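The values are calculated or read from the model by the stated rules, or taken from the named source; none is laboratory data. Quick caveat: nothing in here was measured; it's all calculated off a predicted structure. Don't worry about glycine lacking a Cβ; one is built from the backbone with ideal geometry, like all the others, and counts go over all protein chains shown.
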Amino acid sequence: MDNTYDKVLDSIIDSVQFIKRVDNDKEMADAYVDSYMTKQQRLRDKRVTELLELYVSGYKYKNQSNKWYKGLLLLCSCSILIAFTVVFIILIFNMDFSNDAVSVTSMVEVISVCITFLSLIVGILTIIVKYVFPENEEEYITRIVEIIQNNDLENKKENIRAQTKSLQEDEEKKKIIEAIKEL
């Protein structure tokens, strides 16, 4: 069965001229060389690779530190909310509600002030979280890389067109020279 597979694979490889079988690790490790890539594109690819490597290492560090900061921020936020809630509950229980007419309105006013103050604290914490942990921070680097890759792709297409046209012109010149020589 394995022998049949090798025979079929060999026949497919033989039928396709530009594919050759790789038999050792050295050939596998050889880098692919793109004949249409310019020197500028190779340099840009090198710089983009360096940029991405720096970004990846910075992103790993940022994720680790963000976890720590998020935990600390959550702990502080919960502590502040619990502390103010306890203070407001103590304040409500220590109020003098001896007068019935005043007690209902006073209770409503105190509860509304407590809720307003707690909402203000939550709003401030939300703003702090949005400032410390921006939402679209990763989008910027991916957009830059996308633009560079699209630009390089367009340049490569143009290089291929130019080289193909140049090869066609060379072929036509050779045919003309051969035709002239035959005369």
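Results, tabulated for the structure shown:
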{"item": "Flag for I92 being modelled with pLDDT under 80, surrounded by 10 or more Cβ atoms within 10 Å (Cβ to Cβ) and either among the polar types (S, T, N, Q) or in a helix (DSSP H, G or I) (or both)", "result": "yes"}
{"item": "Checklist (1) modelled with pLDDT under 80; (2) surrounded by 10 or more Cβ atoms within 10 Å (Cβ to Cβ); (3) of a type in the set (A, V, I, L, M) applied to V113, failing item", "result": "(1)"}
{"item": "Tally of residues being at pLDDT below 75 and over 14 Å from E154 (Cα atoms) across the stretch 34-50", "result": "2"}
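Results for (1) in contact (Cβ under 8 Å) with a residue 60 or more places away in the chain; (2) over 30 Å from A83 (Cα atoms), shown as yes or no for each residue.
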position: T105; (1), (2): no, no
position: I111; (1), (2): no, no
position: S119; (1), (2): no, no
position: I124; (1), (2): no, no
position: P134; (1), (2): no, no
position: Y140; (1), (2): no, yes
position: I148; (1), (2): yes, yes
position: L153; (1), (2): no, yes
position: E169; (1), (2): no, yes
